[in-house]
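**Q** Sharing a structure here in structure tokens format.
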Amino acid sequence: MIAWPRLSDDELRADLGASVVVFLVALPLCLGIALASGAPLVAGLVAGVIGGLVVAPLSGSALMVSGPAAGLTAVVLASIEQLGGFDAFLAALVVAGAIQLGFGLLRLGFISAFFPSSVIKGMLAAIGLLLVLKQLPHAVGYDHDAMGSETFSQGAAENTLTALRHMLARFEGGAMLVSLVSLALLAWFERPALRLSRVRRVLPPPLVAVLAGIGLNELLRRVAPGIALGPDHLVQLPGDGSLGSLARELAHPRWAALGTFTTWRVGLTVAVVASLETLLSLEATDKLDPLRRHAPPDRELLAQGAGNLLSGLLGGLPLTGVIVRSAANVEAGGRTRRSAIAHGVLLVLALALIPGVLNRIPLSALAAVLLHVGWKLAHPLHLVKAWQIGREQFIPFVITIAAILLTDLLTGVLLGLGVGIFWVLREHATAPGLTPVSPPGAVLTRYTLGQQATFLSRVRIQNTLAAIEPHARVEIDGRGCRRIDPDVLALLHEFRGDAERKGIDYRLVGIPPLPAGLDGGH
């Protein structure tokens, strides 16, 4: 049974206001990700609604929003081609959802505890930079790339950097005017006098910016039709945008595809990638949460599994926890998961009641909202703070950012994670394996082993032993060591031969004897 938090009027207003912001951000991303995935546009909307109405109530996260993920576009696009159609992919998505449920039941969410904070912070900063770099073309009317894209390569021999160059020659005056007005409004609402004002609580700034964008473009149609934005630069719902039209476009799983190995392989791939991206987003959202709440990762895997299983049955895209919408939720002042649920309700109501209004929203106005979110995530102060902490945080942080910008979200995070692990191993390998604890000039020199005497410390221990002067008295104390690798254990015992030749009085305390399998094996 879901335990709903008791909310004050202010908290309820905050959640409802945040849900409007998340809805405005989610709508174009759902459509853009579907377009980039080679799936029907309605599939993105289905996944967005399920993320709000199904996953959010089941989730233990107060602030994370779920929906179709840009990080899965390449996987979905390739899988549809391999399986011979989107309907066959839906069968694989049902399999993926069932596998994710299994991950949750097996309590595999503990994996999230192994993501270094430097990598998570780097991911957040990279997402912010991606939003800025990817939305700048949309802000000036160069809408060549799908709005939800997060990959460096954009197809047709274009990438993030070439798109920035091409936009200079392809900008639309109307789009620039709309985005500048929208950004000015968002900046105006950031003034200290308005941050806690009643107006801001009643009218979320992104909603004001989008409404202003709609009104300005309608005005341009009447007074300056030459620079007014046409349909290619506005939100475009599939069909006529009505629920009936969308329902007719829904695809259904081709169950016969379950008889092929490829379907099960695709299902496993989607389950693993979606789970990893969800756990990363969960960790990142926890870090953004001003109340520092911690969501249970196993419960999140169960919620995502249920959502993907249902999305496959209803003709939707794969969904994960998504950091852009979650960050927008936090920035807009969301307090509980009611904001994520309400954004799903708003998606349904807007499609049912005002599809014509949605089709009038300029993409440049939405780009301004995302640029504002991106600036908050990628603020230069985050780089300064990472530098101040030290290079063991700064290097993985910067490499994660660069890797995400030049590849895609998941690849970049995995590269950053690899660098973080390498740095930990490097620090461990250079740490002293034997720590001297005797006062200077003592007759007996005592060394203690660390808590973990692994193969990484073998070289350091070997160098310490080799540096012991002839005729010295030495004691190695292993009573505080919780684990000694066989390689290290053999090294400590085999040094007896060198000690005898050098006349060293060598004693081991609290160190187990050499097992029979290792005795004489080196």
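**Q** Can you pull the percent of the stretch 393-522's accessible area that's carbon plus sulfur, 1.4 Å probe, other chains left in place?
**A** Whole-percent figure for carbon plus sulfur exposure: 59.
**Q** Now, a different point. Run the numbers for K287 and N463: contour at 0.36 nm per residue of separation, minus the present Cα-Cα distance, in nm. The partial results should precede the final answer.
**A** Values: separation 176, 0.36 × 176 = 63.36 nm, distance 4.18 nm.
So the chain would gain 59.2 nm between K287 and N463.
**Q** Sticking with this one: May I ask which residue of G213, A490, L314 lies farthest towards the positive end of the charge dipole of the chain, with charges of +1 (Lys, Arg) and -1 (Asp, Glu) on Cβ and the Cα centre as origin?
**A** Of the candidates, G213 comes out farthest on the positive side.
**Q** Quick one: compute the contact order of the stretch 39-187, relative version, from alpha carbon pairs under 8 angstrom and 6+ residues apart, as a percent.
**A** It rounds to 17 percent for the stretch 39-187.
**Q** Using the Cα atoms of the stretch 97-185, I'd like the radius of gyration and the largest Cα-Cα distance, Dmax, both in angstrom.
**A** Rg and Dmax of the stretch 97-185, Cα atoms, are 18.6, 55 Å.
**Q** Something else now. State the extension gain, in nm to one decimal, for the chain segment bounded by L353 and V223, taking 0.36 nm per residue of separation less the distance between their alpha-carbons.
**A** 43.9 nm
**Q** Continuing with the same structure: Please give the charge dipole size of the stretch 1-160, origin at the Cα centre, charges +1 on K and R Cβ atoms and -1 on D and E Cβ atoms. Round to the nearest 20 debye.
**A** 400 debye
**Q** Between Q452 and E500, how many nm apart are label points set 7 Å from Cα along the C-beta direction?
**A** Output for this residue pair reads 3.5 nm.
**Q** How many lysine pairs are close in the chain, with Cα atoms under 20 Å apart and the two 8 or more places apart or on different chains?
**A** 8
**Q** Under 20 °C and 1.002 mPa s, how fast does the stretch 58-123 diffuse according to Stokes-Einstein, given a Kirkwood radius computed over C-alpha pairs? Answer in µm²/s, whole number.
**A** Answer from the Stokes-Einstein relation: 147 µm²/s.
**Q** If you compute Rg/Rh (Cα atoms, Kirkwood Rh) for the structure shown, which of (1) 1.00; (2) 1.31; (3) 1.11 do you land on?
**A** It is the value labelled (3).
**Q** Here's a follow-up. Per q in 0.23, 0.30 Å⁻¹, report the Debye log10 I(q)/I(0) for the stretch 335-394, using one uniform scatterer on each alpha carbon and no solvent.
**A** Cα-only, vacuum Debye calculation for the stretch 335-394: -1.00, -1.06.
**Q** Here's a follow-up. Per residue, how much accessible surface does the chain expose to a 1.4 Å probe? Answer in Å², no decimals.
**A** So the chain comes to 44 Å² accessible per residue, rounded to a whole number.
**Q** In addition: Could you please state, rounded to a whole Å, how far the C-alpha centre of the stretch 209-230 is from the C-alpha centre of the stretch 323-369?
**A** 21 Å
**Q** Using a Debye calculation, one point per C-alpha and no hydration shell, please list log10 I(q)/I(0) for the stretch 130-264 at q = 0.21 Å⁻¹ in order.
**A** Each listed q maps to, in turn, -1.22.
**Q** Now a separate question. Compute the angle between helix 173-189 and the longest alpha-carbon principal axis of the chain, please, reported from 0 to 90 degrees and rounded to the nearest 10.
**A** With rounding to tens, the tilt is 60 degrees.
**Q** Show me, bin by bin at 5 Å from 0, the whole-percent P(r) of the stretch 138-182 based on Cα pairs.
**A** Taking all Cα pairs of the stretch 138-182, the binned fractions are 5, 22, 29, 23, 13, 6, 1 percent.
**Q** In debye, nearest 20: dipole of the chain around its Cα centre with unit charges on the Cβ of K, R (+) and D, E (-)?
**A** Dipole size: approximately 1060 debye.
**Q** Something else: If we count every other residue with Cβ under 12 angstrom of P137's Cβ, Lys/Arg +1 and Asp/Glu -1, where does the sum land?
**A** -1
**Q** May I pose another question? Hull surface divided by four, with the convex hull built on the Cα atoms of the stretch 220-291: how many nm²?
**A** Seen from a random direction, the Cα hull of the stretch 220-291 projects 10.6 nm² on average.
**Q** Once you have the Cα-Cα distance between W255 and W387, take 0.36 nm times their residue separation minus that, and quote the gain in nm to one decimal.
**A** Between W255 and W387, full extension yields 42.2 nm more.
**Q** Something else now. If you line up the long axis of helix 338-353 against the longest principal axis of the chain, both from Cα atoms, how many degrees apart are they, to the nearest 10?
**A** It works out to around 30 degrees.
**Q** Next question, about the same structure. Leaving ligands, DNA and RNA out of it, work out the accessible area of H471 with a 1.4 Å probe and give it in Å² to the nearest 10.
**A** Probe radius 1.4 Å; accessible area of H471 about 140 Å².
**Q** For the stretch 372-476, what does the relative contact order come out to in percent, with C-alpha contacts under 8 Å and a separation of six or more?
**A** Value for the stretch 372-476: 18 percent.
**Q** I've got another one for you. Restricting to Cα pairs below 8 Å that are 6+ residues apart, what does the relative contact order work out to for the chain? Please round to a whole percent.
**A** Relative contact order, the chain: 27 percent.
**Q** Given q = 0.11 Å⁻¹, what are the Debye log10 I(q)/I(0) values for the stretch 266-405, with equal point scatterers placed on the Cα positions and solvent ignored?
**A** For the stretch 266-405 at q = 0.11 Å⁻¹, log10 I(q)/I(0) is -0.56.
The values are calculated or read from the model by the stated rules, or taken from the named source; none is laboratory data. Model, not experiment: these values are computed from the prediction. Note: ideal-geometry Cβ built from the backbone for every residue, glycine included; neighbour counts use all protein chains shown. SASA here: full protein model, heavy atoms, side chains in, ligands and nucleic acids out. Shrake-Rupley method; radii C 1.70, N 1.55, O 1.52, S 1.80 Å.
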